[in-house]
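Note sheet for the following structure.
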Amino acid sequence: MKGLLYKDFVAIRGKRFCAILLVLTAVMFLTRIIFSDFVLGNAGYVTIDEERVFLPDYIVLYFPAFFSFLVAGFFPKYLMESVRCDEQSRRRGYLASLPVSKREYVASKYVLMGILLYVLYSLSMVWSICVGGLAVQTDRIRDVIHLIEYMSLVLFVFLLFAAAIELPLLLLLGAEKVHMVEVGFFLTLGLLVTWYALFGDLDIISRLDFDRIMDAAERHSFELMAIGTGSPILVLVLYYLSFRLTAALYERKEDVYGS
Amino acid sequence: MAPEKNASRKEDLKRLLIYLLFAFVPVWLWFLAIRALTGGQLWNDMSDMVQSLMALGMLGPVLAHVATRLVTKEGCPLTGRDSMMLGIDLKNRKWIIFLLAIFLPWLYSEMGNALDLLLGNGVFDPEYYLEYGMDKRTVFLFPLAAITSGVIASFAAFGEEGGWRGYMMPRLLRLMGRTPALILGGVIWGLWHAPLTAIGHNFGTDYPGFPWLGILKMCILCIFLGVILTFLTEKSGSVWPAAILHAVGNAGPSILNGFVRPEEGAEQGLFSFLFSGRLISILLIAAVLLILWNRVPDAKEASKPVRETDRAA
């Protein structure tokens, strides 16, 4: 299993990805420290509605969310790349000569994606803590950070769910076919978004009010907690079932080592 | 003592001292720096975001582990002999260890609250949860929420366990017998928490003998908790059960947390402070595990040191 994981780590250019994460973390820290109350002092304050607000906080605050979505965008690419590399290099034929079962091969894909998501989620939490902890402590900042943390959980649970759906397709149908389906899906989604932007009711976006969202969150705190607690468990169970199904089908698949 | 064994003991001691230097100095500086940035606030006066920022120091031990391995040129093997014990192996009934890691914190937390009620350290208040602005249904979600957050957000606890159980305890166990190693390991771990205990992180500030008795109690708690964590690590060959247990325990998995109002402040006597329900429940579980220790097979490979003769072979 160790060897299979390392093979995939190299295939997805893991070292380069780790370097990108380190650079993002360093940028986050430096930006946070440079644009902090301790460094800028009064220069960063503006008065809005008779309230003195430290403006840089409201820009830097969204960095964890932005960076989380950025690295999350890499995830489907790495998912595909880990399978495509094996297909293109005909590595599976070589694996047939090693004491590696088809089940172990499938398990290595699931384990790698699970580890990747765990590391990315942990890093997004560390980013949120650093940005929030060094901000001027107000209720609004706290609410924004908590919302970002909650959305990070939702994002990574969604990515795990997507992996549970996509990995079986990649392993059973092949990377090229799945890539075509994905391109079609995202093109359709993009067309729908463009259509809505041109002809839809955009006033909905301007009517979004942060305070109303936070009030709603407080009214439905139990439901949000139940979702936040239950959905990761549900998706983890789904991920495991996806692995069992994929492994069972993959073991029956012929000519996996020739492709 | 054979010369080879003596040399390896000296090597282990040297590496352990380097590790302790890396684990204590930067982390204590971090704690002190964050406290200075807040103008010397106590723990309960800090916002939850500043508390989280300070708690990032919990990643220190695992970073110290990595730094020590780089400095001592031990390498960073993830699994196997003398490794960082990052692997997960569920075979040979090791999955039971992982289940224990998930459910033991719930058990000792509920037991602890029940004992507090019996000992008079707490009062049953059916509406205590309302003081925190909670829905009653939320209280019953505590165990599940703690287990979920413990497993998913275990990186913070992994930061500690990756160092204490992943590096320090295997070397202490090799240097001395099990009992002295568990006691010394717990004292070291407890003292490491001293800057946080001294600002009220673990037990608040309103207890007799603050902060010195708090630091003593922390050392005692860490000894007993260390028994449980070391048991899980040795029997699974992995630091992950310890990280999960630590994370779930920190998340407060007890339903009774919403209904037991703790006795605090000047009314709290020395005995009730030192022998809280939680401490006694952890002690009981640690005692059971000590009895079972030799009856449960352990994953021996991970804790054995790699010798030069092994490398040559």
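Only the coordinates and a few stated rules stand behind these numbers; no lab work does. Owing to the predicted nature of the structure, the values given are computational and were not obtained by experimental measurement. FYI the Cβ positions are ideal-geometry reconstructions off the backbone, even for glycines, and counts take in every protein chain you see.
From the Kirkwood radius over Cα pairs of segment A:136-178, Stokes-Einstein at 25 °C and 0.890 mPa s returns a whole-number translational diffusion coefficient of 194 µm²/s.
Along its three principal directions, the equivalent ellipsoid of segment B:38-158 from the Cα gyration tensor extends over semi-axes of 35, 24, 13 Å, largest first. Using only side-chain charges placed at the Cβ, +1 for Lys and Arg and -1 for Asp and Glu, the dipole size of segment A:66-221 relative to its Cα centre rounds to 780 debye. Viscosity 1.306 mPa s, temperature 10 °C: what is the translational diffusion coefficient of the protein assembly as shown from Stokes-Einstein with a Kirkwood Rh over Cα pairs, rounded to a whole number of µm²/s? Translational D for this selection: 61 µm²/s.
Compared with the dominant principal axis of the Cα atoms in chain A, helix A:102-133 is inclined by about 10°. In vacuo Debye scattering of segment B:105-193, one point per C-alpha: log10 I(q)/I(0) at q = 0.24 Å⁻¹? Here the Debye-derived log intensity ratios amount to -1.15.
In chain B, the ratio of gyration radius to Kirkwood radius, Rg to Rh, stands at 0.98 when only Cα atoms are counted. Distance from the Cα centroid of segment A:119-164 to that of segment A:1-30 is 20 Å (rounded to whole angstrom).
For segment B:1-79, the spherically averaged projection of the C-alpha convex hull amounts to 7.3 nm².
Counting only aspartates and glutamates at least 8 places from B:Lys94 when in the same chain, those with an alpha carbon closer than 12 Å to its own are B:Glu234, B:Asp298. Within the same chain, lysines fewer than 8 places from B:Lys91 are excluded, and of the rest, those with a Cα less than 26 Å from its Cα are A:Lys2, A:Lys7, A:Lys102, A:Lys109, B:Lys235, B:Lys300, B:Lys304. The mean number of Cβ atoms from other chains found within 10 Å of a Cβ in peptide B:140-150 is 3, as a whole number. D by Stokes-Einstein for segment A:6-163, Kirkwood Rh over Cα pairs, 4 °C, 1.567 mPa s: 73 µm²/s.
Computing FRET efficiency as 1/(1 + (r/R0)^6) for A:Tyr196 and B:Leu70, where r is the C-beta to C-beta distance and R0 is 51 Å, gives about 0.45.
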